[in-house]
Amino acid sequence: MQAVNLPMPVVPEAVLVPDAKWLDEAKKEAARYLEGIAARLRDEGIRVRTLLDERPPADAILHVATREEVDLIVMSTHGRGGFSRLLMGSVAESVFRATSRTVMLVKPERLAATAVKDEDWYLHIP
């Protein structure tokens, strides 16, 4: 599922009114993103259905979970903390606190740092 939202205004008191072209492009981009993920899962034999929603992310997740009567909500976290989390809020936390359904939070994979030999750092031009 992908929620399509307006960007946050620079000034909190400001109100952003999207034009139809911006919203249409945001929906198309979200659909492409979801379809890319869905295609990889389908290649693995997993049944997938994608949904687009214009509600704020937490509201969209809770709405679909109720409508579809899901038993489990699985969410990936961005791993934000501190000031960043305070400004952006936490969709996962909002969903977790607002539902009586089981919620599983999954941390995104971090790429492991690997040692590189010194000679690998040089560019060789034939």
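Annotation note: Cβ proximity below 6 Å between a residue of the stretch 48-76 that is part of a loop (DSSP other than H, G, I, E, B) and a residue that is loosely packed, with under 14 Cβ neighbours inside 10 Å (sequence gap 6+ or interchain) occurs for VAL48/LEU41; VAL48/ARG42.
Selection of the stretch 16-29 for residues being modelled with pLDDT under 90 and assigned to a helix (DSSP H, G or I) yields ALA20, LYS21, TRP22, LEU23, ASP24, GLU25, ALA26, LYS27.
Does the stretch 89-109 contain any residue that is assigned to a loop (DSSP other than H, G, I, E, B), modelled with pLDDT under 90, open to solvent by 70 Å² or more (accessible area, probe 1.4 Å) and farther than 21 Å from ALA30 by Cβ? Checked the stretch 89-109: at least one residue is assigned to a loop (DSSP other than H, G, I, E, B), modelled with pLDDT under 90, open to solvent by 70 Å² or more (accessible area, probe 1.4 Å) and farther than 21 Å from ALA30 by Cβ. Considering the stretch 16-74, the residues that are β-branched (Val, Ile, Thr) and open to solvent by 70 Å² or more (accessible area, probe 1.4 Å) include one that is farthest from PHE96 (Cα to Cα), namely VAL17.
The values are calculated or read from the model by the stated rules, or taken from the named source; none is laboratory data. A quick note: this is a predicted structure, and the numbers were derived from the prediction, not measured. Glycine gets a Cβ as well: all are built from the backbone with ideal geometry, and neighbour counts include every protein chain shown. Quick note on the areas: whole protein, heavy atoms, side chains included, nothing else; ligands and nucleic acids left out. Shrake-Rupley method; radii C 1.70, N 1.55, O 1.52, S 1.80 Å.
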